[in-house]
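Undergrad: My questions all concern the structure below.
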Amino acid sequence: MSTEPRINDRIRVPEVRLVGPSGEQVGIVPLAKALELAQEYDLDLVEVAATARPPVCKLMDYGKFKYESAMKAREARKNQAHTVIKEMKLRPKIDPHDYDTKKGHVVRFLKQGDKVKITIMFRGREQSRPELGFRLLQRLANDVQDLGFVESSAKQDGRNMIMVLGPHKKKTEAMAEARAAADARKAERQGRNVGPNDAGEADDDAALEAENAAAEAEAAQADAEDAEVEQPAEAAQDA
């Protein structure tokens, strides 16, 4: 069933409560009179409240109304923020370099306004030392406390220990700041590109492409690390 309102000759009632182009109340008039007024104004007669008795109709440019409604819906979807839960996996005996790398990803996720699920994976004899995982989660939470908070405290889940960090910054705020930073970088690049030096513009475009490629590579590396699996040699050592 169509959800669009009935307009003009598709309206099948003897009389309507008419609203003028500027929102003024015309009153209850015969349908033929309402259609006549629509022709005089070069507008459409649109049924805006079909369940009312009599139905409420308004004089408007229906094509323009549909376009503006579609643009508003598009803008709303553009500004809509979806909360994403990222996941980062760590081992209880992680070395300092790997810890700093993982912490860097957590910081980036929190800055983006996303939640982060931290999973400590226990293997072999490590399962008898849950305090190692608990201390590691506490350390990570303290290191990123300026950007996020412990939304779900550490708890054992089979061979894993899980904690969820929530960002202090809302997703919409993070998106707005990211757009502002991107606009600032764009304006700065355009400022450097003013002038007839086409070679300079090409160099700047190449630098921008390199910057974007580096960002994509960093994101791909983070996703790969999230999906890391234990090496066979390490598994043999745990056994």
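Undergrad: Looking at Lys103 and the list (1) at pLDDT 90 or above; (2) among the basic types (Lys, Arg); (3) farther than 30 Å from Leu137 by Cα, which single condition is not satisfied?
TA: Tallying (1) at pLDDT 90 or above; (2) among the basic types (Lys, Arg); (3) farther than 30 Å from Leu137 by Cα, Lys103 fails exactly one: (3).
Undergrad: Can you report the number of residues in region 19-58 which are part of a strand (DSSP E or B), under 41 Å from the mean Cα position of the chain (by Cα) and hydrophobic (A, V, I, L, M, F, W, C)?
TA: Residues flagged as part of a strand (DSSP E or B), under 41 Å from the mean Cα position of the chain (by Cα) and hydrophobic (A, V, I, L, M, F, W, C) within region 19-58 amount to 7.
Undergrad: Of the residues Phe65, Phe149, only one is touching a Gly at 6+ places or on another chain (Cβ under 9 Å) and not β-branched (Val, Ile, Thr); which?
TA: Phe149
Undergrad: Also: Of the conditions (1) touching a residue at least 24 places away in the same chain (Cβ under 8 Å); (2) crowded, with 16+ Cβ neighbours inside 10 Å; (3) farther than 30 Å from Gln25 by Cα, Val150 clears all except one; give me its number.
TA: (1)
Undergrad: Taking only region 100-112 into account, find how many residues are touching a residue at least 12 places away in the same chain (Cβ under 8 Å), open to solvent by less than 70 Å² (accessible area, probe 1.4 Å) and not basic (Lys, Arg).
TA: Qualifying residue count, region 100-112: 6.
Undergrad: Let me ask something additional. Could you please let me know if Pro92 is in a loop (DSSP other than H, G, I, E, B), farther than 25 Å from Ala154 by Cα and of a type outside the set (Gly, Ala, Ser)?
TA: The answer is no for Pro92.
Undergrad: Might you check whether a residue that is in contact with an Asp or Glu (Cβ under 9 Å, 6 or more places away or on another chain), acidic (Asp, Glu) and at pLDDT 90 or above occurs anywhere in region 23-42?
TA: Looking for residues that are in contact with an Asp or Glu (Cβ under 9 Å, 6 or more places away or on another chain), acidic (Asp, Glu) and at pLDDT 90 or above, one finds at least one in region 23-42, hence yes.
Undergrad: Here's something else I'd like to know. Search region 31-75 for residues being farther than 14 Å from Glu4 by Cα and of a type in the set (Lys, Arg), and hand back the single one that is surrounded by the most Cβ atoms within 10 Å (Cβ to Cβ).
TA: Lys58
Undergrad: Another question about this same structure. Does region 76-95 contain any residue that is closer than 30 Å to Lys171 by Cα, open to solvent by less than 30 Å² (accessible area, probe 1.4 Å), within 34 Å of the chain's Cα centre (by Cα) and among the aliphatic types (A, V, I, L, M)?
TA: yes
Undergrad: Could you figure out which of (1) over 26 Å from Glu151 (Cα atoms); (2) charged (D, E, K, R); (3) free of Cβ contacts under 8 Å to residues at least 40 places away in the same chain isn't true of Glu47?
TA: Against the list (1) over 26 Å from Glu151 (Cα atoms); (2) charged (D, E, K, R); (3) free of Cβ contacts under 8 Å to residues at least 40 places away in the same chain, Glu47 comes up short only on (3).
Undergrad: Can Met163 be described as touching a residue at least 24 places away in the same chain (Cβ under 8 Å), surrounded by 17 or more Cβ atoms within 10 Å (Cβ to Cβ) and touching a His at 6+ places or on another chain (Cβ under 9 Å)?
TA: So Met163 does not fit the description; no.
Undergrad: Sort out which residues of region 1-18 are open to solvent by less than 80 Å² (accessible area, probe 1.4 Å) and part of a strand (DSSP E or B), and write them in order of number.
TA: Once the filter is applied, which keeps residues that are open to solvent by less than 80 Å² (accessible area, probe 1.4 Å) and part of a strand (DSSP E or B), region 1-18 yields Ile7, Val16, Leu18.
The values are calculated or read from the model by the stated rules, or taken from the named source; none is laboratory data. Fair warning: this is a prediction, and the values are worked out from it, not measured in the lab. Reconstructed Cβ throughout: ideal geometry from the backbone, glycine too, with neighbour counts over all protein chains shown. With ligands, DNA and RNA removed, areas are computed over all heavy atoms of the protein, side chains included. Shrake-Rupley method; radii C 1.70, N 1.55, O 1.52, S 1.80 Å.
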